[in-house]
């Protein structure tokens, strides 16, 4: 008796000896996803990733609003500190990331850092518009120079917020 060749469940024209270590489905090398515990099929990997998505639309909205308020207040406060505000901006962004995590009850999502960064950009724009509205009286050049410092602070603060929510340790 000859033994029948095992073929990939997704590609019937490919013989394989590889199986998903979770569901046991035969998979070829192009269908196999290497994980820390062995090879798995793409369906099992997708199913496992969905378990980690615990934040819903409401949590993303909360993250955006909290980061908008936090960066709005933070950029106004840091703007009054001058050069020290520039040095403290990344710390403020990292602290704000922890506040965002607390406000969404530590729920996780791949979209959470983007929602928080979007809210943070809106908060910085609102704060800058309110704080630097007086620069319009000094002309376009004075207005541009006056905005340079808050923009650098905002980039540092939002960058730290985003990186911290992504899980990158600074």
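Summary table
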{"read-out": "Subset of segment 96-121 (residues that are more than 15 Å from the chain's Cα centre (by Cα) and surrounded by 16 or more Cβ atoms within 10 Å (Cβ to Cβ))", "value": "103"}
{"read-out": "Members of segment 73-91 that are surrounded by fewer than 22 Cβ atoms within 10 Å (Cβ to Cβ) and within 17 Å of residue 162 (Cα to Cα)", "value": "88, 90, 91"}
{"read-out": "One residue from 58, 81, 86 being closer than 18 Å to residue 120 by Cβ and either at pLDDT below 95 or touching a strand residue (DSSP E or B) at 6+ places or on another chain (Cβ under 9 Å) (or both)", "value": "86"}
{"read-out": "Search result, residues across segment 33-64 that are touching a helix residue (DSSP H, G or I) at 6+ places or on another chain (Cβ under 6 Å) and not in a loop (DSSP other than H, G, I, E, B)", "value": "33, 60, 62, 63, 64"}
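The values are calculated or read from the model by the stated rules, or taken from the named source; none is laboratory data. In this text the structure is predicted, and so the values were computed from the model without any measurement. Because the Cβ atoms are built from the backbone with ideal geometry, glycine has one as well, and the counts that use them run over all protein chains shown.
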